[in-house]
Amino acid sequence: MDNLVTRAAKDLAAANHVVALTGAGISVESGIPPFRGKGGVWEKIDPMEYAHIDAFMNDPVKVWNVLLKDMKLLLEEAEPHAAHMVLGELEKRGSLKTIITQNVDGLHQRAGNTDVIEFHGTFAQYKCLACEQQVDSAGIDIREIPPRCACGGIWRPEVVFFGEMIPPQHLWRSKLAATECDLMLVIGTSAVVQPAAFMPVIAKESGAKVIEVNPEPTPLTGSISNYLILGKAGEVMQAILDAMP
Ligand code: OAD
């Protein structure tokens, strides 16, 4: 790992336009479980039964009780950790321009990053299914499930459920960022959910270096990524920052 950390530090120092693609793994050290693998959310519940838009519309009480209530509480408690802070620092130093995140936890913004594309939406905002009013998370009272707007409609988080479109402006901006970068950091994603997992492919085809940080290989490893640094996001990203000139 040490050699690759040094190599990544050099590559990052030489890059002018860095973009990061992040997934659930970057927030594991903040206490938020990933979706796949050991201890993953989809190991305990079936995403088609609880995270598909049809499941939510058919039975919002069930989806709120089993998935959304706990996620809202967990995300409200979570704090950014070293990996998020290092990305904040890389933006301050001028090289990191944009983060494309599949996460809905808002931790990149809290670590100081200002251009964060929330590819799968956010838990920070909610919309009423009836009157379409939008409110911040703090305005959602979950003492009664489902939480309801003053008009009587049910609140939904502004996340992308399975079966829903990626907001077109997010997809468009992400493709542009992937095209424009000369280095893409791919941190903590299993890279199996499309179209997010295609962003490193676009980056690579546009001539960028692609560096993965993950405790496990992914479908990008050995094909799209130039190299994979095996390890936890916090440790690896801190080591890279420390090794930068
Ligand atoms: P996954 O849960 O699919 O993958 C998490 C990845 O993080 C795996 O590759 C792990 O090896 C890695 N990982 C685990 N711990 C880590 C650590 N400490 N540091 C770095 N990496 C670590 O999460 P995503 O790839 O984000 O979509 O999943 C993509 C989408 O699938 C999610 O946005 C969500 C889910 O269904 C929606 O909800 C629409």
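Please report the antiparallel percentage of the DSSP beta bridges confined to the chain, to the nearest 5.
Taking every DSSP beta bridge with both residues in the chain, the antiparallel ones total about 30 percent.
Please give every one of the lysines within straight-line cross-link reach of Lys38, meaning a C-alpha to C-alpha distance under 25 Å, and leave out same-chain neighbours fewer than 8 residues apart.
List returned: Lys62, Lys69, Lys72, Lys232.
Spelling out what I want: for every residue of segment 47-59, take phi, set θ = phi - 60°, compute 6.51 cos²θ - 1.76 cosθ + 1.60 (Karplus), and round to whole Hz; glycine and proline get x.
Computed from phi, the couplings for segment 47-59 are x, 5, 8, 10, 10, 8, 4, 5, 5, 5, 5, 6, 8 Hz.
In sequence order, what are the phi-derived ³J(HN,Hα) couplings for segment 131-146 according to the Karplus relation 6.51 cos²θ - 1.76 cosθ + 1.60 with θ = phi - 60°, rounded to whole Hz, with x for glycine and proline?
Taking θ as phi minus 60°, the curve returns 9, 6, 4, 10, 9, 6, 3, 4, x, 9, 9, 9, 5, 10, 10, x Hz for segment 131-146.
For the chain, take the alpha-carbon Rg, divide it by the Kirkwood Rh, and send me Rg/Rh.
Using Cα coordinates only, the ratio equals 0.99.
Return the long-range amide H neighbours of Ile100 (sequence gap of 5 or more, or a different chain), with a cut-off of under 5 Å between placed amide H atoms.
Result for Ile100 returns Ala20, Leu21, Thr22, Ile117.
Counting only DSSP beta bridges with both residues in segment 128-228, tell me the antiparallel percent, nearest 5.
Bridges in segment 128-228 are about 20 percent antiparallel.
Sequence-distant or interchain residues sharing an amide H contact under 5 Å with His17, placed H: which?
Asp182, Leu183
Quick check on segment 1-116: take the gyration tensor over C-alpha atoms, sort the square-rooted eigenvalues as a ≥ b ≥ c, and tell me if it's rounded (a/c under 1.5), prolate or oblate.
It comes out prolate by the Cα gyration axes.
Compute the helix-to-body angle for 233-243: its Cα long axis versus the longest principal axis of the chain, expressed 0 to 90° and rounded to tens.
Around 30 degrees separate the two axes.
Please work out the FRET efficiency for the pair Phe162 and Asn226, using the Cβ-Cβ distance as r and a Förster radius of 22 Å; give the result to the nearest 0.05.
Between Phe162 and Asn226 the formula returns 0.10.
Values in this text are rule-based calculations from the coordinates and carry no lab data. Predicted, not measured: the structure shown is a model, and the values here were computed from it. Quick reminder, even Gly has a Cβ in these numbers, built from the backbone with ideal geometry, and neighbours come from all protein chains shown.
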